[in-house]
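S.K.: A single structure is presented below for examination.
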Number of protein chains: 2
Amino acid sequence: MSFSPLIDELITALRCLPGVGPKSAQRMAFQLLLQRRDGAARLTRTLERALEQVGQCSQCRTLTEQTLCEVCANPRRNRALLCVVESPIDALALETAGSYQGLYYVLHGKLSPIDGIGPAEIGIPALFERLQQEPVEELIVATNATLEGEATAHYIADRARSLSIRCTRIAHGVPLGGELEYVDGGTLSHALSGRTAI
Amino acid sequence: MSFSPLIDELITALRCLPGVGPKSAQRMAFQLLLQRRDGAARLTRTLERALEQVGQCSQCRTLTEQTLCEVCANPRRNRALLCVVESPIDALALETAGSYQGLYYVLHGKLSPIDGIGPAEIGIPALFERLQQEPVEELIVATNATLEGEATAHYIADRARSLSIRCTRIAHGVPLGGELEYVDGGTLSHALSGRTAI
């Protein structure tokens, strides 16, 4: 309980941010109202506009306020490579790494029969339609290295094989700078079985 | 760089929140636009209203959207006790502890001559005007236990003494549940010199 119902309401509203508990929400509310009023005003304006305008890219399904996102609209990207990811933030992580020059396809989820999420729910039919219409030479599956992510990768690889499309999976192993001592056993087994000649 | 200028703008705007770095801002932006659109809409509405309506309580200077905050307006609070704090969030912390029944006065800062912050900048003249008009029997100084907080406390105590108002300082010592082993030396010295009979 603060000194004003409106500030209490603001503290509750800030709790919708991921990773923000009651204490941080309190600190955020007071800082926004005391020292950062300009920043707070810009935040409301930008968030309001983003909620109104941001939707999915008509081609890769990532989030964007345009019909085609900046990657899909870029004529210099390699249209022969298509990378499948679970969420827009995964595509952003790959994009920030900076070495990938192809296009993306965002599933917005992963196969999870127990939650009623089948291929149709994560846009796999649309993905294969696109594969048949476009000159994609390699489908790179970059779903997460979790149980469901792996199942999704295998499902996509099976369907791609039946259509004779080359399908690859990103490598899993010891992270760069990672010391073997601190890497978990599953990752180590994976790194061993996926060893390459040097 | 994300896939859309508007999302980039939103990520930058979220950085105005305290403790939010580039990675968390990214995660927040995508979560708000994907899973938490209702929460995000409520956040914009509430923050907008709070920025418009929240100002200072005319009596204690804490943040509130009313002329008098809920504490000052509560007839059951003990008007003989006045607690001086540095910021509204300090008053909230005391309020949440739940044992204090008096009123507050918020300085919105602390004495810091090096930054050009003197008594006038933190509302001390108005505090003493209030002390002369109202039946305050005890002034409790709860500024932080920092160098500037202590200097501010001493300055207020000196002026209160010259007006013959009883002035006290909250106790500093070992926190409840704190083990001596992990408490810093300064706190321990303070706890020793402030020992009381049992």
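The values are calculated or read from the model by the stated rules, or taken from the named source; none is laboratory data. In this text, all values refer to a predicted model and were calculated from it rather than measured experimentally. In this analysis, Cβ positions are derived from the backbone assuming ideal geometry, glycine residues included, and neighbour counts consider all displayed protein chains. Side chains included, ligands, DNA and RNA excluded: accessible areas come from the protein's heavy atoms. Shrake-Rupley method; radii C 1.70, N 1.55, O 1.52, S 1.80 Å.
S.K.: How large is the convex hull of the Cα atoms of the protein assembly as shown per residue, expressed in Å³ as a whole number?
M.R.: Cα-based convex hull of the protein assembly as shown, divided per residue, equals 232 Å³.
S.K.: Okay, moving on. Under 5 Å between amide H atoms, partner at least 5 residues away or on a different chain: which partners does B:VAL84 have, H built in plane at 1.01 Å?
M.R.: It is B:TYR105, B:ILE140, B:VAL141, B:ALA142, by chain and number.
S.K.: Sticking with this one: Output ³J(HN,Hα) for the stretch B:124-132: one whole-Hz value per residue in order, computed from phi by the Karplus curve 6.51 cos²θ - 1.76 cosθ + 1.60 with θ = phi - 60°, and x for Gly and Pro.
M.R.: Each residue's phi maps through the Karplus curve to give 6, x, 5, 4, 6, 4, 4, 4, 7 Hz.
S.K.: For chain B, what is the Kirkwood hydrodynamic radius in Å, using each pair of distinct C-alpha atoms?
M.R.: It is 20.1 Å.
S.K.: Tell me, Kirkwood radius of the stretch A:5-53 from alpha-carbon pair distances, in Å?
M.R.: 11.3
S.K.: Out of the DSSP beta bridges found with both residues in the stretch A:68-198, what percent are antiparallel (nearest 5)?
M.R.: That works out to approximately 10 percent antiparallel.
S.K.: Take the Cα atoms of the stretch A:69-169, find their three principal axes, and give me the spread along each one in whole Å, biggest first.
M.R.: 40, 29, 20
S.K.: To the nearest Å, what is the center-to-center distance of the stretch B:34-65 and the stretch B:121-176, using C-alpha atoms only?
M.R.: First find each Cα centre; the distance between them is then 30 Å.
S.K.: Checking an interface number: how much accessible area is buried between A and B, summed over both chains, with a 1.4 Å probe, in Å² rounded to 100?
M.R.: Summing both chains' loss of accessible area gives about 5700 Å².
S.K.: Of all the C-alpha pairs in the stretch B:1-116, what % are more than 21 Å from each other?
M.R.: Of all Cα-Cα distances in the stretch B:1-116, 56 percent exceed 21 Å.
S.K.: I would also like to ask the following. Working with all protein chains in place, sort A:ILE198, A:ILE89 by solvent-accessible area computed with a 1.4 Å probe, largest first.
M.R.: Sorted descending by solvent-accessible area, the residues read A:ILE198, A:ILE89.
S.K.: Roughly what would the spin-label model give for A:ALA80 and B:GLN133, points 7 Å off Cα along C-beta, in nm?
M.R.: Placing both labels 7 Å beyond Cα along the Cβ direction yields 8.2 nm.
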